[in-house]
1. Just how much of residue 84 is accessible, in Å², when a 1.4 Å probe is used and the result is rounded to the nearest 10?
2. Could you give the accessible area per residue of the range 34-165, probe 1.4 Å, as a whole number in Å²?
3. Please report the carbon-and-sulfur percent of the accessible area for the range 351-431; probe 1.4 Å, protein heavy atoms only, DNA, RNA and ligands left out.
4. Taking 0.36 nm per residue of separation and subtracting the Cα-Cα distance, what length does fully extending residue 198 through residue 69 add?
5. Which net charge results for the neighbourhood of residue 50, defined as the other residues with beta-carbon distances under 9 angstrom from its beta-carbon, given Lys and Arg at +1 and Asp and Glu at -1?
6. Using each residue's phi in the range 404-415, evaluate 6.51 cos²θ - 1.76 cosθ + 1.60 at θ = phi - 60° and report the 3J(HN,Hα) Karplus result to the nearest Hz, with x for Gly and Pro.
7. When a/c is below 1.5 the answer is rounded, else prolate if a/b is larger than b/c, else oblate, so apply that to the range 406-518 with a ≥ b ≥ c taken from the square roots of the Cα gyration tensor eigenvalues.
8. Using 24 Å as the Cα-Cα cut-off, could you pick out the over-long pairs in 216/526; 216/352; 106/295; 71/381; 124/352?
Amino acid sequence: MKRKMRLIPLFYALFLIGGDCLGIGETADNHARILKAASSDPVPLNVYNWEDYIQDDEDLNGDNVIQDDEKGLITLFEEKMLEEGINVQVNYSAFDTNETMLAEMKTGKAHYDLVCPSDYVIQKMIADDLIQPFDEGSTPNYDRYVSPFVKEKIGEIEVEGHEKGVVNDYARGYMWGTLGLLYNPGFSGVLERGISEDAMRQDLSDWTNLWDKKYKNLLAIKDSMRDTYAVGIMKTYDQDFELDGESHEGFSTLKRKYEEGLYDDEEYNAKVSEIFNLHDDDTLARVGRDLQALKENAFGFEVDSGKVDMARGMYFAINVAWSGDAAYAMDMADENNEAHEGENSFTPTILKYLLPDTGANIWFDGWVIPKDAQHKDLAQKFVDFLSMPENAAVNMNYIGYTPVIAGDDILDLVLSWYDIRYNEDTGLVDPSYLEGLTEVAPEAVYGLSDEEIENSYYRKDIAYFFDGTLESFSLEDAVFCLSASEKDRQFDTQYPDSSVLPGLAVMADFGPQQNAALLMMWENVKNTNLPLWAYILILLAALALIALAVALKIRRKQVLRRRKERKEGRLHKDERSKALLALLTEGL
């Protein structure tokens, strides 16, 4: 990622000193420290992160010079370090996949002080001794404000040869979310097939309905090996969750046992996670066959284009999506709807997101420090700076993904976005906004008429995320009141209901041998298998092209030969003309 120009540190230091002359700024000692730091050579902090995954500087004036109110988090961190007497230059670059990042790390072609991989890659990097643990107490903001729920999920990832919870020593969470289904019930193809919104939502509460022919060519698959494998595993072992399912390797009627209280939340989650991470040869073969069938039912594969296509209401109605992309697509669709409001020919796109009942993938991306990092202390300071709730809130507002950081600033931002009681003028929650509205249970929303939905609201408790991180707020403030029309929209996308948490599983690393087997299976799935007549047509077309190429080559040779003959003829004619002219003028 190319950084935009900004005020140089020395100019910034002089600006602070000038401010103090007006009675604003630091003490004389602070000024001396800032000037000394600004005049020193900058210390490079090499950061490697995903594309578009941090609030960047904004060039609002178009002059490529960043003003104070346009500064992104990287620039603000550099200025904060300058005030502490350290001249830091963050060299920020981006990668597109975990595998790209990991390959570069292993080759040693580039050296980084801080990297942001996903959960299973962090597990692998610990096992391969590629990263080092954070120093104890080095990230006080993170320790204070990280959501206890997310931290606990991170700690559940096991690394062979290490104690349980070791991942929390080596990583600091950054963003988190789920993998679910983004869908458009108003898509033209859905309406043409007579599928109602209620029926579609009911269908998509079960992963297996992605294989239903009624949705043929209406869904897009993630062109991501592990994410699509997660979808396949839920289909392959679906019978193990069903209330009347058959027994398979000890997972008989898992859901029934949970609903009857034979398993508590922790035990059920452990069982779900065990199924979710099956990767033996037999499982890979079975999942591969199911994914082949899914591919035949799908519109195609996509990675980043899916959220934009969904927002525009184009091509397909169902997208296997990361929650952050789903929220982004909803925002984009809403903005487009607003821009075309009142146009008779325009059909608004209303997107929704849900997690199937049997369970889904919960993921997180986190910061790690490579073994060869040159500036570990600065890397830890950078992570802790991003973990301040006010900075995490800025980040969430900018990139659309949900930080693992909780705290007052995050809760206040989310309340301002979603809670219908929030008063924008006062910045407070006003209970009087509920007057005249009817409270309904979240699961009852889809049984309401359009008019009833307009006059109804539902409550949602996400205290599990904020527990232990609030100061001015209480956990009671984390019980939201939302318009019934917002069911399964942005808020539900960013923060899953506590009732579904036991069914969310983190996918682990499969180890070198099975990762290679998984890759081979994935390549087989992606390779297009055509019917015999299609291969015959391709062969005939290839032969025709070869014949055409040969014919063109022969024709070209013939043309060149005729050109040569004409040239030789002209030369011969010229020679004869010269000889005749010489004969006629010989006596003159």
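The values are calculated or read from the model by the stated rules, or taken from the named source; none is laboratory data. On a predicted model such as this, the values are computed, not experimentally measured, just so you know. All Cβ positions, even for glycine, are placed from backbone atoms using ideal geometry, and neighbour counts span all protein chains on display. Calculation scope for accessible area: heavy atoms of the full protein, side chains included, ligands and nucleic acids excluded. Shrake-Rupley method; radii C 1.70, N 1.55, O 1.52, S 1.80 Å.
1. Solvent-accessible area, nearest 10 Å²: 80 Å².
2. 45 Å²
3. About 45 percent, which is the carbon plus sulfur part of the accessible surface.
4. Between residue 198 and residue 69, full extension yields an extra 41.9 nm.
5. Result for the neighbourhood of residue 50: -4.
6. 6, 7, 10, x, 4, 5, 5, 4, 5, 5, 5, 4
7. Verdict is oblate for the range 406-518.
8. Violating the 24 Å Cα-Cα cut-off are 106/295; 124/352.
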